[in-house]
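The next block holds one structure in the form of structure tokens; read it before the comments.
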Amino acid sequence: MYFPHITKNKKILFFTISSVFLIIGVGFLVVKNNVMVPANDILSERCNQADAPYVDSMLPVFERVDDLMGRLTEWEKIGQMVIIEKNSIHDPSEITKYNLGALLSGGGAGPKEDTPLAWLQMVNGFQIAAKNTCLKIPLLYGIDAIHGHANVLGATVFPHAIALGATGDSNLVRRVADATAQEMAATGIYWSFSPNLDVPRDIRWGKTYETFGSNTANVAKLGVAYLQGTQVPVNKYFNVLATAKHFIGGGAMEYGTSRNKNFKIEEGNITLSEKYLRQTHLFPFQEAVAGGAQVVMVGTATWNGVNNTGNHYLLTDILKKELGFSGFVVSDWYGAYQVSYTRYDSLVSSINAGVDMVMTPFEYKDFMVNMQKALGNGDITKERLDDAVRRILTVKFKTGLFDRPEPTQEGLSVIGSAAHRALAREAVRKSQVLLKNENSALPLSKSVSKIIVAGSGANNLGRQAGGWTTEWQGIDGNYGLTGTTILEAIKSAVSQHTSVEYNKQGYFSGKDRFADVGIAVVGEKPYAEGWGDNANPSLSPEDLVTIQKVKAKSKKLIVVIISGRPLDIKKYIHEWPGVMASWLPGSEASGITDVLFGDYYFTGQLPVAWPLY
Ligand code: GLC
């Protein structure tokens, strides 16, 4: 490039500045932050898709994919292989500029105003930016709707998977997943990062409650039900995409092996023979693939010292070839950067092992640079690129992203609907497990004269709901959540002649044993993932004192435990006549009183071992 009319000094200035912005005549590539961003060619013939086969919903998916693949530039293909957290998008035009193919809401990452309408408007805004690109490929927007669309205030909050595991009821689980998908789709979010198919063996793991429990067959049965309930066919496409996660063996991570100094088990190591890994942990994924899984999320565990995200044998030889998985593999949060020492080597290893979409989740420019470099020098082949993008596009077409009508405000009425809350109540009811019933302490009569209620979980929707509820780690309180607390459910269940008195700490002025029944609702504070890794899950000293106070002031003590896993109560349970495990029931606590007062029998079975004596 030569500009004779410019003086020498100005030339130096120009070329100094242009070292940041390099404009190459061919293709008008603009290099900014080292990313070669092709100038937008939206007016070119290539972008004229009026009668392009890929927009024709009457054609078979493979024909639409073939046509679209033939139109994509390498730059556009790379953009399909990354999923980023929505808070890294400060201007939606970044989605257009970088041809980004997927976004997610990390736990609790929602619009400023947490309402269903604001969620819908936020997602629609991102989709408009995606459709401003040459080929107008819609975004896949994913979220952890793992117990209802519970990041959204007002949504029905279903019991967590551990409670669904206690029901063992695949028809119920399918209906819960279907209802959750309906509430998600109403906000324009068509990708759920569930079901969790981990098979936990150490309940000290913070993710225990995200699983259906430690029985492999039950996990497989309920996992397939949840997946198929999520992917209910609507017209010719899935309502919402499910995600079979975390491939593979996360439930066997060993205590004390976490790579993260804040955790004990999460991001830890699995030491297992392949035979045992297959028997206990592969079977649910085998069933999920056979049952129609389109997305598998690889977890951040290491197996015998090798990081799952970079394990070609697991991801390609077993999952894609042996099980015949034809969907796409998405890495877990930063998982693709935990495989090797440098981000570049780690990314290359992950993609070549079989990861098709990288949850980066914030550094998409870094991803683009590394991918351009790896494709340029052959560390990642064009064939691997095309295989990954073809898988992703196939799933996008199967999810109807190119064809489904834009969600409207009218559709939001399904969120938190009476029908869904009734379903949640049924799920709560069927998940209750009777741990002890001395002298038929339970069920309770609805017409006793006096009931006292106390405990940290008695009037606390946040504790009922647990983690992944409007915030990643959940909330300890009622803040804006909608639903029925256990205290409210008790008041609604009893006769008009029954007096219900509540005091959180158990302070009651009546004389000893003045109440006919004392109900202490105790258990765990909300938590999620590694932050819930706990050396000895047990009741807090405050809860134990509250139970003692309630016992002293009532003729019959009932202990209701709100927790994501078994708690160590061996030293105390002999003093408690009636004890029930309510798990993390979510917004509809009336399901608890349905069995507490005998309208329904206890039918829940322990999904994980709970040593009581
Ligand atoms: C988390 C979890 C995974 C979740 C993902 C996106 O770290 O491991 O289960 O789906 O990130 O939030």
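Can you name the residue in the range 184-197 that is closer than 15 Å to Tyr226 by Cβ and not aliphatic (A, V, I, L, M) and, of all such residues, is nearest to the ligand (Cβ to nearest atom)? Across the range 184-197, the extreme among qualifying residues is Phe193.
Checked across the range 292-304, the condition of being touching a residue at least 24 places away in the same chain (Cβ under 8 Å), away from the ligand (no atom under 14 Å from the Cβ) and under 17 Å from the mean Cα position of the chain (by Cα) holds for at least one residue.
Figure legend. Inter-residue proximity from the range 254-271: first residues in the same structural domain as Asp202 (by TED's automatic domain parsing), second residues within 15 Å of the ligand (Cβ to nearest atom) and in a strand (DSSP E or B), beta-carbon distance below 6 Å, spacing 6+ or different chains. Indicated pairs: Asn269/Thr302. Against the test of being surrounded by fewer than 21 Cβ atoms within 10 Å (Cβ to Cβ), away from the ligand (no atom under 14 Å from the Cβ) and not aromatic (Phe, Trp, Tyr), the options Val234, Val224, Val219 yield a single qualifying residue, Val234. Please pick out the residue among Gly292, Gly251 that is modelled with pLDDT of 95 or more and either assigned to a loop (DSSP other than H, G, I, E, B) or surrounded by fewer than 20 Cβ atoms within 10 Å (Cβ to Cβ) (or both). The unique qualifying residue is Gly292. Can you say whether Ser93 is within 16 Å of the ligand (Cβ to nearest atom), more than 30 Å from Ile162 (Cβ to Cβ) and outside the structural domain of Thr469 (by TED's automatic domain parsing), as far as the supplied structure shows? Here the answer is no, as Ser93 does not meet what is asked. Note on the range 145-185: residues that are part of a loop (DSSP other than H, G, I, E, B) and crowded, with 24+ Cβ neighbours inside 10 Å total 12.
Apart from one condition, Ala441 fits all of (1) under 19 Å from Val296 (Cα atoms); (2) in contact (Cβ under 8 Å) with a residue 60 or more places away in the chain; the exception is (1).
Does the range 574-584 contain at least one residue that is touching a His at 6+ places or on another chain (Cβ under 6 Å) and assigned by TED's automatic domain parsing to the domain that holds Gln473? Before the answer, list the steps.
Step one: list which residues in the range 574-584 are touching a His at 6+ places or on another chain (Cβ under 6 Å), which gives 584.
Narrowing further to those that are assigned by TED's automatic domain parsing to the domain that holds Gln473: 584.
Yes; the residues of the range 574-584 include at least one that is touching a His at 6+ places or on another chain (Cβ under 6 Å) and assigned by TED's automatic domain parsing to the domain that holds Gln473.
For Phe328, indicate whether it is among the hydrophobic types (A, V, I, L, M, F, W, C), surrounded by fewer than 18 Cβ atoms within 10 Å (Cβ to Cβ), touching a residue at least 12 places away in the same chain (Cβ under 8 Å) and within 16 Å of the ligand (Cβ to nearest atom). It is false that Phe328 is among the hydrophobic types (A, V, I, L, M, F, W, C), surrounded by fewer than 18 Cβ atoms within 10 Å (Cβ to Cβ), touching a residue at least 12 places away in the same chain (Cβ under 8 Å) and within 16 Å of the ligand (Cβ to nearest atom).
Going by the conditions given, is Arg204 among the charged types (D, E, K, R) and either in the same structural domain as Gly466 (by TED's automatic domain parsing) or assigned to a helix (DSSP H, G or I) (or both)? No.
The values are calculated or read from the model by the stated rules, or taken from the named source; none is laboratory data. Owing to the predicted nature of the structure, the values given are computational and were not obtained by experimental measurement. Ideal geometry is used to build each Cβ from the backbone, glycine not excepted, and the neighbour counts take in all protein chains shown.
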